[in-house]
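Peer 1: The structure follows.
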Amino acid sequence: MNQLYKIYAYLFARPFFQRLHLHLLRFSLSGMGILNFYDNRVSGEKYFIEQVLGRLISKDPVFFDVGANYGNYIDFLSQTYPNAVIHAFEPHPKNFLQLSKRKYAADVKFNKLAIGEGRETMKLYDYEESDGSTHASLYKGVIEELHQQSAVSAEVQVEFLDNYCSREGVSIVDLLKIDVEGHELRVLKGTKNLIRKGSVKVIQFEFNEMNVESKAFMKDFFKLLTDYSFYRLLPSSLLNLDKIRYRTITHEVFAFQNIVAIHKSIDSNLKRK
């Protein structure tokens, strides 16, 4: 293959072909489960919730949605598992209002909180012209650098899940879903005691360009979640990242992707039909 790469580079590594190469790169990323953000079918979330999650959870599951936004994920989750108890976390005042007004098939507990590594007060940034977006982040650079827009901020209360679960008497979390625009690693660091005890069974988190602002690498997630198997969601299957040798070119791709980490004690359940 190296010889073919050399020949290809000699023939086609020219400015004239760069647009073609960008299109080929984009197609390749889609095939690897990256930048498939169009809807929950293409992103793989529909397949994961309907076809995979049921093999990994208890009869009366407990779900956490950190960064619940308007509640679309919770709505789909609760329709599929109406007997679940769902703890929703959303710090944005406008988004929380919409989230808490909706009716859900499952029992949902609403928390107007950001989740992180400790208890503190932080600033949440959003677009100045469309405050209440799905891109609100604890990192100003997400709005002003990545999205090139003026930011507005609001102070929010931050809690960490080890403390929350201790206070609320939650001993097992069947699914921890995290979508917090770059703060995912800090959420997991604030859940380290539960993770160490194996109390969090399945973790779904986004990995994308926001991680550049938070300086969180995929390798950091691997180091933190050593007792978990890693998968990337595809439209109708899972890509096992543990079977791909770690290289920056394959694992440190700062673009939209859904990663699922499954505790190794239940990973074999994936083979069940």
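Peer 1: Considering only residues of segment 232-267 that are of a type in the set (G, A, S) and under 13 Å from V202 (Cα atoms), which is surrounded by the fewest Cβ atoms within 10 Å (Cβ to Cβ)?
Peer 2: Filtering segment 232-267 down to residues of a type in the set (G, A, S) leaves 236-237, 255, 261, 265.
Filter again for under 13 Å from V202 (Cα atoms), leaving 261, 265.
Working: A261: 25, S265: 11.
Out of the qualifying residues, it is S265.
Peer 1: Another question, if that's okay. Within segment 26-67, can you find the residues that are closer than 24 Å to I244 by Cα and of a type in the set (S, T, N, Q)?
Peer 2: Once the filter is applied, which keeps residues that are closer than 24 Å to I244 by Cα and of a type in the set (S, T, N, Q), segment 26-67 yields S28, S30, N36, S43, Q51.
Peer 1: Hey, can you tell me all the residues within segment 160-175 that are of a type outside the set (A, V, I, L, M) and in contact with a Phe, Trp or Tyr (Cβ under 8 Å, 6 or more places away or on another chain)?
Peer 2: Of everything in segment 160-175, just one residue is of a type outside the set (A, V, I, L, M) and in contact with a Phe, Trp or Tyr (Cβ under 8 Å, 6 or more places away or on another chain), namely D174.
Peer 1: Among K243, K215, K177, K197, which is farther than 25 Å from G71 by Cβ and within 18 Å of the chain's Cα centre (by Cα)?
Peer 2: On inspection, the qualifying residue turns out to be K215.
Peer 1: So which residues in segment 41-59 are part of a loop (DSSP other than H, G, I, E, B) and surrounded by 10 or more Cβ atoms within 10 Å (Cβ to Cβ), if there are any at all? Walk me through how you get there before you give the answer.
Peer 2: To start, the set of residues in segment 41-59 that are part of a loop (DSSP other than H, G, I, E, B) comprises 44, 56-59.
If the condition is that a residue be part of a loop (DSSP other than H, G, I, E, B) and surrounded by 10 or more Cβ atoms within 10 Å (Cβ to Cβ), then G44, L56, I57, S58 are the ones that fit.
Peer 1: Ok, one more. Working only within segment 151-167, note down all residues that are charged (D, E, K, R) and assigned to a helix (DSSP H, G or I).
Peer 2: So the first thing to find is which residues in segment 151-167 are charged (D, E, K, R), and the list is 155, 159, 162, 167.
Selection gives D162, R167.
Peer 1: Report whether or not E206 is closer than 18 Å to A88 by Cα, assigned by TED's automatic domain parsing to the domain that holds I262, free of Cβ contacts under 8 Å to residues at least 40 places away in the same chain and under 15 Å from the mean Cα position of the chain (by Cα). Please lay out each step first, then the result.
Peer 2: Working: closer than 18 Å to A88 by Cα: yes; assigned by TED's automatic domain parsing to the domain that holds I262: yes; free of Cβ contacts under 8 Å to residues at least 40 places away in the same chain: no; under 15 Å from the mean Cα position of the chain (by Cα): yes.
Against the criterion (closer than 18 Å to A88 by Cα, assigned by TED's automatic domain parsing to the domain that holds I262, free of Cβ contacts under 8 Å to residues at least 40 places away in the same chain and under 15 Å from the mean Cα position of the chain (by Cα)), E206 does not qualify.
Peer 1: If you check V170 against the conditions, is it touching a His at 6+ places or on another chain (Cβ under 9 Å), among the β-branched types (V, I, T), at pLDDT 95 or above and not in a strand (DSSP E or B)? Full working, then the answer.
Peer 2: Numbers: touching a His at 6+ places or on another chain (Cβ under 9 Å): yes; among the β-branched types (V, I, T): yes; at pLDDT 95 or above: yes; not in a strand (DSSP E or B): yes.
Yes; evaluated as a whole, the condition is true for this residue.
Peer 1: Just to be sure, is V142 crowded, with 17+ Cβ neighbours inside 10 Å and in contact with a Phe, Trp or Tyr (Cβ under 8 Å, 6 or more places away or on another chain)?
Peer 2: Working: crowded, with 17+ Cβ neighbours inside 10 Å: yes; in contact with a Phe, Trp or Tyr (Cβ under 8 Å, 6 or more places away or on another chain): yes.
In short, yes.
Peer 1: Output the strands (runs of 3 or more DSSP E) that fall wholly within segment 189-273 and possess 3 or more residues being β-branched (V, I, T), or say none. Working first, answer last.
Peer 2: On the way: elements: 200-206, 228-234, 237-240, 258-263.
Answer list for segment 189-273: 200-206, 258-263.
Peer 1: Another question, if that's okay. Specify the residue that is nearest to T250 (Cα to Cα); the eligible residues are those in segment 17-40 that are among the aromatic types (F, W, Y) and in a helix (DSSP H, G or I). Break it down stepwise before answering.
Peer 2: Restricting attention to segment 17-40, the residues satisfying the condition of being among the aromatic types (F, W, Y) are 17, 27, 37-38.
Still in the running and in a helix (DSSP H, G or I): 17, 27.
Working: F17: 23, F27: 15 Å.
Here the answer is F27.
Peer 1: Only one residue in V156, V152, V173 is closer than 24 Å to S43 by Cα and either among the hydrophobic types (A, V, I, L, M, F, W, C) or surrounded by 14 or more Cβ atoms within 10 Å (Cβ to Cβ) (or both), so which one is that? I'd like the intermediate steps shown before the answer.
Peer 2: Details: V156 fails: closer than 24 Å to S43 by Cα; V152 fails: closer than 24 Å to S43 by Cα.
Of V156, V152, V173, the one residue that is closer than 24 Å to S43 by Cα and either among the hydrophobic types (A, V, I, L, M, F, W, C) or surrounded by 14 or more Cβ atoms within 10 Å (Cβ to Cβ) (or both) is V173.
Peer 1: Being within 21 Å of K59 (Cα to Cα) and under 15 Å from the mean Cα position of the chain (by Cα): is that true of V253 here? Steps first, answer last, please.
Peer 2: On the way: within 21 Å of K59 (Cα to Cα): no; under 15 Å from the mean Cα position of the chain (by Cα): yes.
Answer is no for this residue.
Peer 1: Going residue by residue through segment 52-61, is there one that turns out to be closer than 30 Å to S130 by Cα and assigned by TED's automatic domain parsing to the domain that holds Y231? First the steps, then the outcome.
Peer 2: Looking only at segment 52-61, we keep the residues that are closer than 30 Å to S130 by Cα, and these are none.
For segment 52-61, residues closer than 30 Å to S130 by Cα and assigned by TED's automatic domain parsing to the domain that holds Y231: absent.
Peer 1: So, one more: Restricting the search to segment 160-187, which residues are small (G, A, S) and under 22 Å from S78 (Cβ atoms)? Spell out the reasoning first.
Peer 2: Initially, segment 160-187 is screened for residues small (G, A, S), giving 166, 169, 171, 182.
Across segment 160-187, the qualifying residues are G169, S171.
The values are calculated or read from the model by the stated rules, or taken from the named source; none is laboratory data. It should be emphasised that the depicted structure is a prediction, and the values quoted were computed from it without experimental measurement. Virtual Cβ from ideal backbone geometry, glycine too; neighbours counted across all protein chains shown.
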